[in-house]
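None of the figures in this text is laboratory data; all of them are computed from the coordinates on show. Nothing here was measured: the structure is a model prediction, and the numbers come from that model. Quick reminder, even Gly has a Cβ in these numbers, built from the backbone with ideal geometry, and neighbours come from all protein chains shown.
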Amino acid sequence: MNTLESLSQAVLSGRRKDAAALTNQALEEGIAPKEIVDKALVPAMGEVGEKFKRNEIFVPEMLVAARAMKEAMGILEPKLVAAGIKPEYTAVIGTVQGDLHDIGKNLVAVMWKGANFNVIDLGTNVPPQAFVDAIKEHKPQLVGLSALLTTTMPAMVETTRAIRSSGLPPVKIIVGGAPITQQFADEIGADGYAPDAGSAVDRARELVGAA
Ligand code: B1M
């Protein structure tokens, strides 16, 4: 197994220290930081998403894999920035107003980062106007709204409405969270829905035209 394959395996199985050591080893071998991201980290997180979708792994395994990826990215990010390499797509994500649940939203954010999106995470209890302001500032291709409470589903409607009527250039909206369905997404005029963090990567890539 070469270094990139070993790094992929380390991320997949959540071995944080190995992920850091193998990232440094790959750099020492002269492998470009972008190649490490594209050939080891992104495929590893892609596989994590697939396994999660198939219920072969669960939230804890996903979190340790994400932590290992973060460790590797911590080493690579300064080098990517220095080389002027930025992710091609930007996504803004947040849990809608009134809702404090963030575990699922954080998983989606980390999977999007793993798919090499620049992710602006607005946190929880995010008012519609804060999404609009973030779109103005960061010019994302994609906005992700998460809600875990049936009582905060209307905030998703408000937020979608605020974004659509803001006069800003069109942006794709993807929604998710335990009470959200494809039917609800269609009703509120969202562009996409994903039932889990793995599918959220597939939908995101489709919506920005990267799939
Ligand atoms: Co709350 N809570 N909670 N809670 N909580 C639920 C959601 C609930 C179902 C529990 C229950 O009653 N059985 C219930 C909602 C009922 C309803 O609305 N029908 C509930 C309630 C009522 C409440 C409070 C009102 C309780 C109270 O105070 N009386 C209160 C509300 C606070 C508020 O938000 N204003 C509350 C508070 C809390 C805690 C703070 C204690 C804590 C949250 C901690 C945190 O998030 N930092 C909490 C928790 C942990 C839960 C449960 C137990 C777990 C939620 C979770 O993290 N799941 C939950 C019951 C349950 O689900 N068993 C419950 C794991 C997570 C990985 O899944 O978030 O679904 P999930 O995310 C998935 C997908 O949904 C999807 O991908 C993720 C990964 O696969 N997804 C997206 C999520 N966002 C997405 C976005 C996308 C795409 C996919 O695109 C952008």
With springs connecting C-alpha atoms under 10 Å apart, model the chain as a Gaussian network and identify which of 114, 30, 14 has the largest mean-square fluctuation.
30
Nearest-ten-degree value, helix 16-28 long axis tilted from longest Cα axis of the chain:
60
Give the dimensionless ratio obtained when the Cα radius of gyration of segment 89-208 is divided by 2.2 N^0.38 Å.
0.90
Binned Cα-Cα distance frequencies in segment 1-61 - 10 Å width, integer %
25, 51, 21, 4
Which far-off residues, 5 or more places away or on another chain, put their amide H under 5 Å from the one on residue 193, with H placed in the peptide plane?
175
With no solvent and one equal point scatterer placed on each C-alpha of the chain, evaluate the Debye formula and give log10 I(q)/I(0) for q = 0.08, 0.09, 0.10, 0.12 Å⁻¹, two decimals.
-0.28, -0.35, -0.43, -0.61
If you build a Gaussian network model of the chain, linking Cα atoms that sit under 10 Å apart, which residue out of 128, 169, 33 swings the most?
169
Helix 42-53: angle to the longest alpha-carbon principal axis of the chain, degrees 0 to 90, nearest 10?
50
Between residue 187 and residue 54, what is 0.36 nm times their sequence separation minus the Cα-Cα distance? Round to one decimal in nm.
45.1 nm
The set of residues whose placed amide H lies less than 5 Å from the amide H of residue 120, leaving out same-chain residues fewer than 5 positions away, is 91, 92, 93
Let me have the relative contact order for segment 3-82, percent, based on Cα pairs under 8 Å that are six or more residues apart.
45
Given a Förster distance of 30 Å, the FRET efficiency implied by the Cβ-Cβ spacing of residue 13 and residue 79, rounded to the nearest 0.05, works out to 0.75
What whole number of Å gives the distance from the Cα centroid of segment 1-41 to the Cα centroid of segment 129-198?
34
Determine, for segment 3-82, the count of lysine pairs separated by eight or more sequence positions (or lying on different chains) whose alpha-carbon distance falls under 16 Å.
5
In this structure, the FRET efficiency calculated for residue 139 and residue 161 from their beta-carbon separation, with R0 = 30 Å, to the nearest 0.05, is 0.90
Could you give the angle, 0 to 90 degrees to the nearest 10, between helix 3-12's Cα long axis and the longest principal axis of the Cα atoms of the chain?
40
